[in-house]
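Participant: One structure, pasted below without further comment.
Derivation of every value follows stated rules applied to the coordinates shown; laboratory data play no part. This one's a predicted model, so the numbers in the text were calculated from it and none came from an experiment. We place every Cβ from the backbone using ideal geometry, glycine too, and count neighbours over all the protein chains shown.
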């Protein structure tokens with residue numbers, strides 16, 4: 001019986017190919033939208049987690065605030081904290097600014113970082129060439145450039161490398177190191193790939209607001225980053241001339257981002273569900289037209305003994321076949337759209353564990369829901385009135 005019902009439903013759908021194709025496209029686009037949106041949300045969550053894994057969840061970001069904006073961290077007291085706070089392994093205060101840099105006729109706007117030698121191990125940056133800023137380079141005109149900035153300032157015949165000169169205003173710096181490409185960290189206020197790093201005294205020369213307002217630290221493997229963050233704030237507050245210190249842990253930020261990502265995924269799924277509902281409305285309209293055109297057929301079936309349930313099941317089977325086919329094609333369409341998004345954004349493509357079953361299941365349920373009303377209408381036709389239909 002089930003096999004016969006499916007074959008008959010397929011035959012009826014093929015008999016009205018154009019209407020069936022329109023209904024199929026509506027369900028396919030709706031299911032594809034749901035799957036694509038949920039998969040894009042999963043891709044965004046995975047990319048965020050990948051960035052945190054690259055930097056580590058033991059990283060801490062320190063910022064000095066004042067009533068006028070950013071404050072100033074006491075350099076000596078900040079660098080002495082690892083010896084005072086249990087569970088704090090490394091700390092690196094730094095300055096942040098920005099401006100124009102030029103080399104060999106190429107000019108770019110970039111970020112400036114005034115750093116100490118501990119910045120490299122704390123931020124986990126690696127060198128492709130040369131070395132990093134050391135304690136002996138305080139007043140020397142030396143600089144380390146990020147991989148993206150080095151690429152932007154290079155020309156086909158003159159690449160930025162160790163020994164190259166970079167001009168910042170009236171100062172000329174010699175490149176002593178070029179960084180390897182690295183993932184941007186959500187914990188860092190600037191992308192080190194697109195930054196010029198100099199010593200803190202040199203940073204005060206080239207920055208318009210040379211404030212030592214930032215710091216990055218690492219908690220020990222067996223320490224609680226949140227407790228270490230509170231200890232840093234408590235230790236630095238007495239030495240602050242004005243303002244306050246804020247310390248944020250990667251673990252707390254990751255928890256907040258995870259909550260936001262869940263909300264973001266639900267929002268995307270809701271947007272896709274709207275498209276799926278519109279596809280379901282299209283299925284209902286097309287099936288209502290089919291009921292009107294097949295009134296005589298329905299009357300004959302009822303006259304020779306078909307029950308109302310037989311008529312309902314006939315039209316519900318057609319709706320189920322349309323929804324199942326539309327859901328299958330929608331899965332392919334949604335995955336293709338999400339894959340294209342991942343390729344354009346440069347992110348890794350991942351498939352959400354719930355996207356495919358949820359998208360396909362909702363598309364079938366939507367088709368059956370919107371196909372139920374036409375099926376009920378068909379089953380309630382009066383056989384005599386239906387047989388008189390021309």
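Participant: Once both axes come from the Cα atoms, what is the angle between helix 17-55 and the longest principal axis of the chain, in degrees from 0 to 90, rounded to 10?
Facilitator: Its long axis makes an angle of about 20 degrees.
Participant: Also, quick follow-up: Provide the packing ranking of 274-283, 135-144, i.e. peptides ordered by the mean count of other C-beta atoms within 10 Å per residue, highest first.
Facilitator: Details: 274-283: 20.6, 135-144: 17.3.
For the peptides 274-283, 135-144, the packing ranking is 274-283, 135-144.
Participant: Now a separate question. Which value, in Å³ per residue, describes the convex hull spanned by the Cα atoms of the range 72-241?
Facilitator: 111 Å³
Participant: Let me ask something else about it. Take the Cα coordinates of the range 291-390, assign each an equal point scatterer, and use the Debye formula without solvent to give log10 I(q)/I(0) at q = 0.11, 0.19 Å⁻¹.
Facilitator: -0.49, -0.87
Participant: Suppose we keep just the alpha-carbon trace of the chain; what are its Rg and Dmax in angstrom?
Facilitator: Expressed in Å, the Cα Rg and Dmax of the chain come to 32.3, 102.
Participant: For the Cα atoms of the chain, what angle does the longest principal axis make with the long axis of helix 308-345, in degrees from 0 to 90, nearest 10?
Facilitator: 20 degrees
Participant: Hey, for a label at residue 365 modelled as a point 7 Å past Cα toward Cβ, could you say which residues of the range 272-286 have their backbone N under 14 Å away?
Facilitator: The answer is 273-274, 276-277.
Participant: A follow-up question, please. What does the range 98-193 give for Rg and for Dmax, in Å, if only its C-alpha atoms count?
Facilitator: That works out to 12.6, 36 Å for Rg and Dmax.
Participant: Going by average Cβ neighbours within 10 Å, how do the peptides 21-28, 60-67 rank, with the highest at the top?
Facilitator: Order by mean packing, descending: 21-28, 60-67.
Participant: What is the angle, in °, between the Cα long axis of helix 225-236 and the longest principal axis of the Cα atoms in the chain? Nearest 10 is fine, range 0 to 90.
Facilitator: Relative to the chain, helix 225-236 is tipped by roughly 40 degrees.
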